[in-house]
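Colleague: One structure coming up, written as structure tokens, with questions to follow.
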Amino acid sequence: MNAVIRAAGQADAAQACNLLCRSISECCAEDHRNDSAILAAWLGNKTPENVASWFACASHHSLVACDGSDVTGVAIMTRQGRIVLFYIAPEVRSTGTAKALLGALETQAREWGLRALQVASTLTARGFYERNGFDYCGPARTAFGTDAVALAKKLPGSGCGCGRRS
């Protein structure tokens with residue numbers, strides 16, 4: 001894996017948007033079932049302007065994985081520990097890029113004193129999260145009309161959330 005994980009910036013929005021659209025279209029067929037209406041709804045808000053606004057949001061921690069000047073992964077987590085966006089480029093699947101990106105989110109969550117992470121995962125990504133310590137919490141549904149799964153991970157060494165280490 002050659003990816004460098006860093007904070008996402010406004011200049012990354014166009015590449016990140018392209019990556020999101022490719023990852024959803026090419027990797028998440030199990031979820032959208034090649035249904036053009038579901039795919040259109042899922043991709044509808046994936047514009048460079050929206051991605052830039054998500055990156056700029058003060059209540060988000062936004063990261064990109066880069067291989068040279070290419071954005072190969074993107075992740076956004078809220079200050080409450082909810083992973084709201086997490087995608088990698090199809091060509092870097094199984095290279096460790098996603099694991100490194102998730103590790104960077106976990107590090108930030110621990111720095112914030114969070115005790116757990118949560119995600120409403122695609123069916124496609126469920127195995128990835130479970131291999132990385134997330135537990136199944138139940139079924140979920142996305143706004144785009146797809147089934148999802150709620151998953152959570154307790155963060156070791158995260159303390160009680162009061163600012164002191166336990």
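Colleague: Looking only at residues that are part of a strand (DSSP E or B) and out of contact with any Lys or Arg (no Cβ under 8 Å at 6 or more places or on another chain) in segment 81-119, which one is surrounded by the most Cβ atoms within 10 Å (Cβ to Cβ)?
Modeller: Our first condition is that a residue be part of a strand (DSSP E or B); within segment 81-119, this holds for 82-88, 116-119.
Next cut, out of contact with any Lys or Arg (no Cβ under 8 Å at 6 or more places or on another chain) only: 82-88.
Numbers: Arg82: 16, Ile83: 23, Val84: 15, Leu85: 16, Phe86: 22, Tyr87: 24, Ile88: 26.
Once the filter is applied, the top-ranked residue is Ile88.
Colleague: Related question: Residue check, Val64 against (1) within 15 Å of the chain's Cα centre (by Cα); (2) without any contact (Cβ under 8 Å) to a residue 40 or more places away in the chain, all met but one. Which one?
Modeller: Just one mismatch for Val64, condition (2).
Colleague: So, one more: Search segment 120-152 for residues being assigned to a loop (DSSP other than H, G, I, E, B) and of a type in the set (A, V, I, L, M), and hand back the single one that is farthest from His61 (Cα to Cα).
Modeller: Checked segment 120-152; the qualifying residue farthest from His61 (Cα to Cα) is Leu123.
Colleague: Among the residues of segment 3-35, write down those that are β-branched (Val, Ile, Thr) and either assigned to a helix (DSSP H, G or I) or free of Cβ contacts under 8 Å to residues at least 12 places away in the same chain (or both).
Modeller: Ile24
Colleague: Would you be able to say whether some residue in segment 54-67 is in a strand (DSSP E or B) and of a type in the set (Asp, Glu)?
Modeller: Yes; the residues of segment 54-67 include at least one that is in a strand (DSSP E or B) and of a type in the set (Asp, Glu).
Colleague: Would you be able to tell me the number of residues in segment 36-56 that are surrounded by fewer than 18 Cβ atoms within 10 Å (Cβ to Cβ), touching a residue at least 40 places away in the same chain (Cβ under 8 Å) and either of a type in the set (S, T, N, Q) or under 21 Å from Val71 (Cα atoms) (or both)?
Modeller: Qualifying residue count for the region: 1.
Colleague: While we're on this one: Looking at Asp147, Asp135, which is the one that is modelled with pLDDT under 95 and either more than 25 Å from Ala3 (Cα to Cα) or small (Gly, Ala, Ser) (or both)?
Modeller: Asp147
Colleague: Taking only segment 95-126 into account, find how many residues are of a type outside the set (D, E, K, R) and within 14 Å of Ala65 (Cα to Cα).
Modeller: Keep residues of segment 95-126 that are of a type outside the set (D, E, K, R), which gives 95-98, 100-105, 107-109, 112-114, 116-125.
Subset that is within 14 Å of Ala65 (Cα to Cα): 95-98, 100-105.
Counting residues in segment 95-126 that are of a type outside the set (D, E, K, R) and within 14 Å of Ala65 (Cα to Cα) gives 10.
The values are calculated or read from the model by the stated rules, or taken from the named source; none is laboratory data. Here the structure is a predicted model, which is why all the values come from computation and not from measurement. Glycine also receives a Cβ, built like all others from the backbone with ideal geometry; neighbour counts cover every protein chain displayed.
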